[in-house]
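Working notes for the structure below.
The values are calculated or read from the model by the stated rules, or taken from the named source; none is laboratory data. In this text the structure is predicted, and so the values were computed from the model without any measurement. A quick note on method: Cβ atoms are made from the backbone with ideal geometry, for glycine too, and the neighbour counts reach across all protein chains shown.
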Amino acid sequence: MENFNTDCPECIQCGFCCIQNPCYYGEWNDDYSSCNFLTENYLCSKYNEIYENEKNQEIKMFGSGCCLNFFNPMRIRKLKLK
Ligand code: SF4
Ligand code: SF4
């Protein structure tokens with residue numbers, strides 16, 4: 001039987017997911033087609049708040065990897081610049 005790797009690859013903070021759908025903590029902005037909390041350089045301005053909120057949870061949003069990695073132009077571009 002074939003083995004499939006089901007782990008998500010590392011999040012490299014490209015911001016692509018935050019211009020597709022807001023996460024549980026996000027808030028959609030129709031005018032900008034992105035989450036209200038995404039900064040100009042595609043980082044999450046609620047990072048510290050979310051980190052604090054989830055610090056005692058077994059499964060955390062940040063650190064769980066990227067599951068929007070297929071055909072993700074922003075992630076691919078950022079990987080090429082590494
Ligand atoms: S699309 Fe993936 S790599 Fe980019 S910010 Fe979201 S989780 Fe991270
Ligand atoms: S709250 Fe942060 S991680 Fe969630 S969608 Fe908005 S910018 Fe992205």
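Brief remarks follow.
- Being within 16 Å of ligand 1 (Cβ to nearest atom), modelled with pLDDT of 95 or more and small (Gly, Ala, Ser) is a property that holds for residue 33.
- Scope the stretch 58-82; condition of a type in the set (A, V, I, L, M, F, W, C) and either in contact (Cβ under 8 Å) with a residue 12 or more places away in the chain or not in a loop (DSSP other than H, G, I, E, B) (or both); matching residues: 61, 62, 66, 67, 68, 74, 76, 79, 81
- Residue list for the stretch 47-63, filter: over 15 Å from the mean Cα position of the chain (by Cα) and among the basic types (Lys, Arg): 55
- Residues of the stretch 68-82 classified as out of contact with any helix residue (DSSP H, G or I) (no Cβ under 8 Å at 6 or more places or on another chain) and within 16 Å of ligand 2 (Cβ to nearest atom), total: 1
- Considering the stretch 15-44, the residues that are surrounded by 12 or more Cβ atoms within 10 Å (Cβ to Cβ) and among the small types (Gly, Ala, Ser) include one that is nearest to ligand 2 (Cβ to nearest atom), namely 26.
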